[in-house]
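To start, the structure itself, in structure tokens.
The values are calculated or read from the model by the stated rules, or taken from the named source; none is laboratory data. Fair warning: this is a prediction, and the values are worked out from it, not measured in the lab. Cβ atoms come from the backbone with ideal geometry, glycine included; neighbour counts cover every protein chain shown. The area values use the complete protein model at the heavy-atom level, side chains included, leaving out ligands, DNA and RNA. Shrake-Rupley method; radii C 1.70, N 1.55, O 1.52, S 1.80 Å.
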Amino acid sequence: MPTVTSVMADLKSKGKENTRKIYARHGMAAERVFGVSVADLKLIAKSIKGQQVLACELYATGMMDAMYLAGMVADGSKLTRGQLNAWVEGASELQMISEYTVPWVTVENPHGRTLALEWIKSKEEHIAASGWATYSGLLAITPDKNLDLADIEDLLHSIEKKIKTAPNRVRYTMNAFVIAVGSFVKPLLRQAKAAAKQIGAISVEMGETACKVPPASAYLEKAEASGKVGVKRKTIRC
């Protein structure tokens, strides 16, 4: 039976310096990364599928590779509100965790929307960014009839007012939220396009990379042209 010790040893053995450097160039804390490829993480995830306790133990190590693996394995619906808050608090300096792993599990939880709204208000950059990413995830998987459209429209207006002065990763996830509204919530496409036009191009520091933030307007134009606006996803997990 795999244990946190044996899995961590496996992760460490599979870590590659080049991969670790790539993550570091994207701004993640290099000392908390082994450098395991996502492909290898997926193989390990299959071998420990369904082991909720082990997933939580892996997340608690604070190593990005183990935390990402935990998000692949954990059932978000079974995590407590306290555990989800601990997960988001522990994701500092690891945007791959705060903006992907934490939202993956939170959208599966009954407290998902409540937590997203609480996190959005946080003064901690990584927590606020996680809140926006979580709400974006909810838009992608939740039928429009089950969404609070007025609430979402209010958030769009809030982004229009605050995005220019928001912290770096919050700007990134706010922009992504506008894209998510226009892409997944058909009744609010017009409002999302208006918000995208209002905020225009935004500047986000992307570390030592050539990555750029997609303008929300251009992204929504492509989504509309492809006829995919309003098409929901079954999951936001990668």
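Tell me, what is the Rg over Rh of the stretch 3-103, with Rh the Kirkwood radius over Cα pairs? Don't jump to the answer; show the numbers that get you there.
On the way: Rg = 12.5 Å, Rh = 13.4 Å.
Radius of gyration over Kirkwood radius for the stretch 3-103 works out to 0.94.
Full-extension gain between His157 and Lys21, please, as 0.36 nm times their residue separation minus the C-alpha to C-alpha distance.
45.2 nm
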Using a Gaussian network for the chain with springs between C-alpha atoms less than 10 Å apart, which of these wobbles most: Lys46, Lys161, Lys21? Lys46
Note down the accessible area of His157, probe 1.4 Å, to the nearest 10 Å². 80 Å²
Decide, for the stretch 57-173, between rounded, prolate and oblate: order the square roots of the alpha carbon gyration tensor eigenvalues as a ≥ b ≥ c, take rounded if a/c falls under 1.5, and otherwise choose prolate if a/b is larger than b/c, else oblate. oblate
Residue separation between Lys197 and Lys212 times 0.36 nm, minus their alpha-carbon distance, gives in nm 3.6 nm
Taking the chain as a Gaussian network, Cα atoms linked when under 10 Å apart, which of Gly76, Gly227, Gly131 shows the biggest mean-square fluctuation? Gly227
What ³J(HN,Hα) values, in whole Hz, does the Karplus curve 6.51 cos²θ - 1.76 cosθ + 1.60 give for the stretch 4-15 when θ = phi - 60°, with x put for Gly and Pro? 4, 5, 5, 5, 5, 5, 5, 4, 4, 5, 8, x
Considering only protein heavy atoms, what is the solvent-accessible area of Ile152 at a probe of 1.4 Å, reported in Å² to the nearest 10? 0 Å²
Within the set of other residues whose C-beta is less than 10 Å from the C-beta of Gln95, count the net charge using Lys and Arg as +1 and Asp and Glu as -1. -2
What is the distance, in nm, between label points placed 7 Å from the Cα along the Cα-to-Cβ direction at Glu93 and at Thr5? 2.7 nm
At q = 0.10, 0.14 Å⁻¹, what base-10 log of I(q)/I(0) does the Debye formula yield for the chain when every alpha carbon is treated as an equal point scatterer in vacuo? -0.47, -0.91
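Under the 0.36 nm per residue contour assumption, what length would be gained going from the current alpha-carbon distance of Thr80 and Lys186 to full extension?
On the way: separation 106, 0.36 × 106 = 38.16 nm, distance 3.18 nm.
Gain on stretching Thr80 to Lys186: 35.0 nm.
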